[in-house]
1. State all residues of region B:21-42 that are more than 13 Å from every other protein chain (Cβ to nearest Cβ), over 23 Å from A:M89 (Cβ atoms), open to solvent by less than 60 Å² (accessible area, probe 1.4 Å) and under 13 Å from the mean Cα position of the chain (by Cα); if no residue qualifies, say none.
2. Take the residues of region B:74-84 that are surrounded by fewer than 20 Cβ atoms within 10 Å (Cβ to Cβ) and touching a residue at least 40 places away in the same chain (Cβ under 8 Å): which is nearest to the other protein chains (Cβ to nearest Cβ)?
3. Check whether at least one residue in region A:87-104 is more than 10 Å from chain B (Cβ to nearest Cβ), open to solvent by less than 60 Å² (accessible area, probe 1.4 Å), small (G, A, S) and farther than 24 Å from B:A92 by Cα, and report yes or no.
4. Is there a residue in region B:63-73 that is in a loop (DSSP other than H, G, I, E, B), more than 14 Å from every other protein chain (Cβ to nearest Cβ) and on the phi > 0 side of the Ramachandran plot?
5. Do we find that A:I79 is without any contact (Cβ under 8 Å) to a residue 40 or more places away in the chain and open to solvent by less than 30 Å² (accessible area, probe 1.4 Å) in this structure?
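The values are calculated or read from the model by the stated rules, or taken from the named source; none is laboratory data. Here the structure is a predicted model, which means the values were calculated and not measured. Neighbour counts run over all protein chains shown; Cβ positions are idealised from the backbone, glycine included. Surface accessibility is based on the protein's heavy atoms, side chains included, excluding ligands, DNA and RNA. Shrake-Rupley method; radii C 1.70, N 1.55, O 1.52, S 1.80 Å.
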Amino acid sequence: AQTVTQSQPEMSVQEAETVTLSCTYDTSENNYYLFWYKQPPSRQMILVIRQEAYKQQNATENRFSVNFQKAAKSFSLKISDSQLGDTAMYFCAFHATGGAQKLVFGQGTRLTINP
Amino acid sequence: ETGVTQTPRHLVMGMTNKKSLKCEQHLGHNAMYWYKQSAKKPLELMFVYSLEERVENNSVPSRFSPECPNSSHLFLHLHTLQPEDSALYLCASSQELASGPTDTQYFGPGTRLTVL
């Protein structure tokens, strides 16, 4: 079974700083997708960024980028030039490409951006 | 409306009540999901539907009964719930269940359920 672990329950940084959220996962699969989802307070969960395991190049989306280390089964999210609107719960998630069609989530990291 | 919508947004019910949660997606997707989000726990997948057929029931108690009348609508019927069932119930949809770029799931805002 796949598991996803986010070791930082809470983090806070000052606006404009860079912050990195950690995520590790455990799987015996070779092909899979990894995701970071953002859930702002009282708002909808939205996809931030997605990484395909067979791609070595780290995914980037504007101020969001990942550091994907397949051998270490690590998938961290870096937020550059953080903004107040980045305050949210961030969930790391795993989805194998075969077998059970299940998105497995980590426990989440509550990120607060302070003015 | 666009995206995934859920009603009601908040629900308070007694343990003997029967209620239903509704989810509607306006994205033309073929797969829909129910998740339970409890405090300090990872999201738990409850049910998966593909083309209106249930493809996964993740060991959910029978007091939760899903229904998918068409690919755009998903219901979760609730009866004789327990206080520990209080949580945020999220609905999601994706283009297909198959692997690939269509894996991305789009979430609704959730229904905050409180069972007294």
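1. B:E24
2. Within region B:74-84, the first condition is being surrounded by fewer than 20 Cβ atoms within 10 Å (Cβ to Cβ), and the residues that meet it are B:75, B:77, B:79-80, B:82-84.
Those left that are additionally touching a residue at least 40 places away in the same chain (Cβ under 8 Å): B:75, B:77, B:79-80, B:82-83.
Details: B:F75: 19, B:H77: 23, B:H79: 26, B:T80: 27, B:Q82: 23, B:P83: 22 Å.
Looking at residues that are surrounded by fewer than 20 Cβ atoms within 10 Å (Cβ to Cβ) and touching a residue at least 40 places away in the same chain (Cβ under 8 Å), I get B:F75.
3. Checking region A:87-104: not a single residue is more than 10 Å from chain B (Cβ to nearest Cβ), open to solvent by less than 60 Å² (accessible area, probe 1.4 Å), small (G, A, S) and farther than 24 Å from B:A92 by Cα.
4. Taking region B:63-73 and keeping what is in a loop (DSSP other than H, G, I, E, B), we get B:63, B:71-72.
When the remaining residues are screened for being more than 14 Å from every other protein chain (Cβ to nearest Cβ), the result is B:63, B:71-72.
This time we only want the ones that are on the phi > 0 side of the Ramachandran plot, so: none.
Within region B:63-73, none of the residues are in a loop (DSSP other than H, G, I, E, B), more than 14 Å from every other protein chain (Cβ to nearest Cβ) and on the phi > 0 side of the Ramachandran plot.
5. Values: without any contact (Cβ under 8 Å) to a residue 40 or more places away in the chain: no; open to solvent by less than 30 Å² (accessible area, probe 1.4 Å): yes.
Answer is no for this residue.
This table checks each residue for (1) hydroxyl-bearing (S, T, Y); (2) away from every other protein chain (no Cβ under 13 Å); (3) under 12 Å from A:Q107 (Cα atoms).
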{"residue": "A:T18", "(1), (2), (3)": "yes, yes, no"}
{"residue": "A:S28", "(1), (2), (3)": "yes, yes, no"}
{"residue": "A:P41", "(1), (2), (3)": "no, no, no"}
{"residue": "A:Q56", "(1), (2), (3)": "no, yes, no"}
